[in-house]
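To start, the structure under review is shown below, and the notes come after it.
The values are calculated or read from the model by the stated rules, or taken from the named source; none is laboratory data. Worth saying up front: this structure is predicted, and the values here are computed from it rather than measured. Cβ placement follows ideal geometry from the backbone for every residue including glycine, while neighbour counts extend to all protein chains displayed.
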Amino acid sequence: MRFKRQAKLEHGLTLIDVAPMVSIIVQLLVFFLLLSPFVFQNSIQVALPKTVTSDVIKEENLIILLNSENVLYLNSAVTTMKELEAALSAAGNKTRPVIIKADRRASLGRIIDIWDLCRKLGIEKINIATDRTQ
């Protein structure tokens, strides 16, 4: 039985078999598609304080986040106290609950500043997020 040698193209180029390359690309595509649901969107890490008694809030909230380096976020965007004041006063809805998610190593003075700002703007429902221990 005679096997055909690789076909020669003009100018000495050989044919490239693309089947293995397509197979590898399909495998990579399947791998990344299966891996994508496990990628978490929220990248701000906050270790909430633990409590024995806490309630679950089921309303739409404004989330103010304070990490361990005292960096302030409003709905996952870095902000300053002046920008926070402008955003909270522009929200206009004083009955909409505000949740303060502060890392357990965050400065208590910074948390109080945020709380006072909310009270000054007339926000009625201010909550501090915690993790419930069993």
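Numbers at a glance
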quantity	calculated
Single match in 84, 29 (criterion: at pLDDT 85 or above, in a helix (DSSP H, G or I) and within 20 Å of the chain's Cα centre (by Cα))	84
Some residue of segment 55-76 being at pLDDT below 75, surrounded by 10 or more Cβ atoms within 10 Å (Cβ to Cβ) and in a helix (DSSP H, G or I)	no
